[in-house]
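Engineer: Okay, handing you the structure first.
The values are calculated or read from the model by the stated rules, or taken from the named source; none is laboratory data. Nothing here was measured: the structure is a model prediction, and the numbers come from that model. In this analysis, Cβ positions are derived from the backbone assuming ideal geometry, glycine residues included, and neighbour counts consider all displayed protein chains.
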Amino acid sequence: MKARRQSRQSWQELPVSSTNGSSAFDHLQQHSLNSPNSLNSPRPRPPADSAGEPKLPPPLPSWPQRVRDITKIRRRHHNAKDELEEGANLDSPDRDITPDGHATVNMAARRSRRPRFLQPASRIRRGILFVAIITAITLIVLFSWLYRDQLGPFDGLFKKTTSVKLTQGTYLGEVTQKSDKYLRAIQMFRGIPYAQTTAGANRFRPPQPLNLTAAQAQSDKAQHALAFGNICPQPGGGGSGQGEDCLNLNIYRPHFGDDPESSLAEMAKLGLDGKKIPVVVYVHGGGFNTGSGKERNMGSFVSWSETPIIAISFNYRVGAFGFLPSAMTEKEGLLNLGLKDQQCLFEWVRNNVADLGGDPDNVTIMGLSAGSHSIGHQLISYAPANKLTSGPPPFQKAIMESGAATARSVFAPSVPLYEQQFQEFLMHCGLDSVPDDKLFEQLRALPLGTISSASGYTWNRWSSSLRWPFQPVIDGPGGIIPDLPIKSWAKGNVLRIPILTGFNTNEGSVFVPTKASDSSALRRLMSSIIPALNQTDLDTLNKMYPDPTTSEGKKLYSYQPPSGIGSQFWRLDDAYAHYAYICPVLQTAHLASTAKNASPVYTYHYAARSKPYGGADHGDEAPIVAHDMDVIGKYPGLVRTAEAMTGAWTRFAATGDPSPARSSDDKTKLSWPKFVSPFTTSASGDAGKVALFGSGNDERMGARGRQSQGVPAQLVALTEREKEECRFWWDRVVLSEGYANGTATVTLSDGKVVKANL
């Protein structure tokens, strides 16, 4: 070890170059031969000067000089290597002959003839340029992915595109090819405006039609429709992708081929020669306070449809921007603006869908939750008795998922509850002391963030009590909701068109308190929602929905709630589900199917269970109906259920009948009869039959389930208990809606007349 250290030290003391031109490696070699570890004689003594003193080596050069010397050595090494590779061709123009006859390579001459890009400096520049190009491409791709919903023209660089010419101009869309997620290729056009911005002077006003010049409408210059547009301002979005320029729509249609010839051939194969395609318009949910047109995968719905269809989704104003009930709003004629946005969209579809290849005389409107409530109101609005339009309505069929016009309650705009919420909203806008005649002028001048914040505050303040602010209200004769919805439906003042409607088992689970554990929770909840319920009503509710901790309750609610959920949870869920969703849906089916000149009605029940509660919750059917493989792809039972539901929904949209053209033993192709109400005295044995989807399936429950695939589709009859529950709630709908004016009366099934005084 000592010898190695001495050898290393001696080597470090060697000069990098010598005066006679020999290299440091020559010294190193000689030093190695004379080292103590060699087989040669012992190391000689260092040379001495004339005085006999040891002659020391010259001092080491500085580090920069040493680096330069080492670089020269490396170059000399590479020169020698080049000489060996090319051979001793003495005739080479790169060679010189030394006086002693040795051939050397003239590297200066060789370098002068090298291409510029092979020279050292050029290689460095080329490397830098290469790194810069790769970095730029990486940043572009990353930026395009992160901001794909907001990108404009650059987005088209990464997508296969197509175009369509509408009455308002030409739009560039995206083609999505067939894959594991999409059964067929589709075209998507997103973010297309159907009305003007709602900002500035248009805020708190009915939707204004697009203001386009003839040149703009006829222009062949394609506008980009490759990404979703703004959604309407709402709580919980953090401002991302929101804006008042939000009245836009999304179009999804089949892609039959990449050129006219292949498209015509595919359409002929599908029997579409010269035929227009059925159209589905999706109305989103969200309690009239949240939501947007992109909440459901309508592209997947179109791709997996049994028959070619076109789907259109869209945004409408929500929260205070779309539903701001008060006496002042009523005076200004500004009620139900969100419902008016919907009607503006329906007219856009009527005027443009033929340019998309769609049939304006075969349009189905489809909605979930608030979207379904909206459709119930639109069926009233477009009824002939209301004379909204002199021509035919802009749609011919309706699909209503988990919602009805009679659900929960529809009040007059000036009820105390709404006036209180209106004043809280104004206070947070800083306008609670503004004179009435200046109020809306000031509201239109406020920054968007101020109104959004006030709307979100009011929603958060009231939403947990289920007494929601910013809802549709009665706007009187000539309005969208001219009277209490139950009165309009009972009188038959609704549009008579085919309806497909239904509910989920546990509609209330996402709304009711999850921690309630005392037996009085049910009384508190329902009396706060419907103050007109008397003690007899509340006693009846206690018997109808027994305490889950009792022996009777344990039989009815045998499934244990998840950890951290209160003992009263399933009871509250059951009661609220029937009050707000299940019984209003069945009331719609009953009234529509028993009316004079009734159109067909088809009713369903969705039962597949999921996390977090272990029930079939409100909205759980949405990805199943859409056949959204991102959600259901790893669950074979739900894929089968999706085949049944998507097939039935699209058959209904195309023909008005969800049953397959031919009977089949395939469990996904259910022969679905028209609904016959069991709530009449003349009800037959076939009355009350509904299609049950996903019964026994618990694949989305994860570890808490058994991964059972269940039954995709089957027919079942409503139970006696379900009929009893709905009779109770139907008798009290007007108590709920009577909150509108405090004077409504209702005759109960036992003949008792009740007045809804508050």
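Engineer: Which pairs have Cβ atoms under 6 Å, sit 6 or more apart or on different chains, and link a residue in segment 306-329 that is without any contact (Cβ under 8 Å) to a residue 60 or more places away in the chain to one that is surrounded by fewer than 24 Cβ atoms within 10 Å (Cβ to Cβ) and assigned to a helix (DSSP H, G or I)?
Structural biologist: What qualifies is ILE310/LEU356.
Engineer: Oh, and also: Regarding LEU538, is this residue crowded, with 20+ Cβ neighbours inside 10 Å, in contact with a Lys or Arg (Cβ under 7 Å, 6 or more places away or on another chain) and part of a helix (DSSP H, G or I)? Step through it out loud before you land on a result.
Structural biologist: Numbers: crowded, with 20+ Cβ neighbours inside 10 Å: no; in contact with a Lys or Arg (Cβ under 7 Å, 6 or more places away or on another chain): yes; part of a helix (DSSP H, G or I): yes.
The answer is no for LEU538.
For every residue, the table says whether it meets (1) over 20 Å from GLN342 (Cα atoms); (2) not in a loop (DSSP other than H, G, I, E, B).
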residue	(1), (2)
THR197	no, no
PHE204	no, no
ALA217	yes, yes
GLY236	yes, no
TYR252	no, yes
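Engineer: Take GLY236 and decide whether it is at positive phi and loosely packed, with under 14 Cβ neighbours inside 10 Å.
Structural biologist: So GLY236 passes the test.
Engineer: Another one. I want to confirm something. Restricting to segment 484-499 and keeping residues that are closer than 26 Å to LYS331 by Cα and crowded, with 20+ Cβ neighbours inside 10 Å, which single residue is nearest to the chain's Cα centre (by Cα)?
Structural biologist: The initial filter retains those residues of segment 484-499 that are closer than 26 Å to LYS331 by Cα, namely 484-488, 493.
With crowded, with 20+ Cβ neighbours inside 10 Å added as a condition, the list becomes 484-486, 488.
Numbers: LEU484: 34, PRO485: 31, ILE486: 33, SER488: 35 Å.
Out of the qualifying residues, it is PRO485.
Engineer: Considering every residue within segment 331-349, establish whether at least one is at pLDDT 95 or above, under 22 Å from the mean Cα position of the chain (by Cα), within 16 Å of VAL280 (Cα to Cα) and not in a helix (DSSP H, G or I).
Structural biologist: No.
Engineer: Moving to a separate point now. Could you say which residue among SER326, SER292, SER305, SER300 is surrounded by 24 or more Cβ atoms within 10 Å (Cβ to Cβ), within 30 Å of PHE440 (Cα to Cα) and hydroxyl-bearing (Ser, Thr, Tyr)?
Structural biologist: SER292
Engineer: Can we say ALA407 is within 31 Å of the chain's Cα centre (by Cα), crowded, with 16+ Cβ neighbours inside 10 Å, of a type in the set (A, V, I, L, M) and part of a loop (DSSP other than H, G, I, E, B)? If you could, list the steps in order and put the result at the bottom.
Structural biologist: Working: within 31 Å of the chain's Cα centre (by Cα): yes; crowded, with 16+ Cβ neighbours inside 10 Å: yes; of a type in the set (A, V, I, L, M): yes; part of a loop (DSSP other than H, G, I, E, B): yes.
Criteria met by ALA407.
Engineer: I would also like to ask the following. Among the helices (runs of 4 or more DSSP H) contained in segment 581-687, which hold 2 or more residues that are under 25 Å from the mean Cα position of the chain (by Cα)?
Structural biologist: Those helices (runs of 4 or more DSSP H) span 622-625, 629-632, 636-655.
Engineer: Pairs needed: first member in segment 197-213, assigned by TED's automatic domain parsing to the domain that holds ILE231 and on the phi > 0 side of the Ramachandran plot; second member anywhere, part of a helix (DSSP H, G or I) and surrounded by 13 or more Cβ atoms within 10 Å (Cβ to Cβ); C-beta distance under 7 Å; at least 6 residues apart or different chains.
Structural biologist: Matching pairs, first to second residue: GLY200/ARG444; PHE204/PHE440; PHE204/LEU443; PHE204/ARG444.
Engineer: Return yes when TYR559 is modelled with pLDDT under 95, among the aromatic types (Phe, Trp, Tyr), farther than 17 Å from ARG523 by Cβ and within 32 Å of the chain's Cα centre (by Cα) and no when it is not. Break it down into steps so the answer makes sense when it comes.
Structural biologist: Details: modelled with pLDDT under 95: yes; among the aromatic types (Phe, Trp, Tyr): yes; farther than 17 Å from ARG523 by Cβ: yes; within 32 Å of the chain's Cα centre (by Cα): yes.
Yes.
Engineer: Next question. Can you tell which of LEU379, LEU417 is at pLDDT 95 or above and in the same structural domain as THR198 (by TED's automatic domain parsing)?
Structural biologist: That would be LEU379, the only listed residue that is at pLDDT 95 or above and in the same structural domain as THR198 (by TED's automatic domain parsing).
Engineer: Do you know which of the residues in segment 576-609 that are out of contact with any Gly (no Cβ under 9 Å at 6 or more places or on another chain) and among the hydroxyl-bearing types (Ser, Thr, Tyr) is nearest to ALA370 (Cα to Cα)?
Structural biologist: SER593
Engineer: Kindly evaluate LEU556 against the criterion of being touching a residue at least 40 places away in the same chain (Cβ under 8 Å) and not assigned by TED's automatic domain parsing to the domain that holds MET400.
Structural biologist: no
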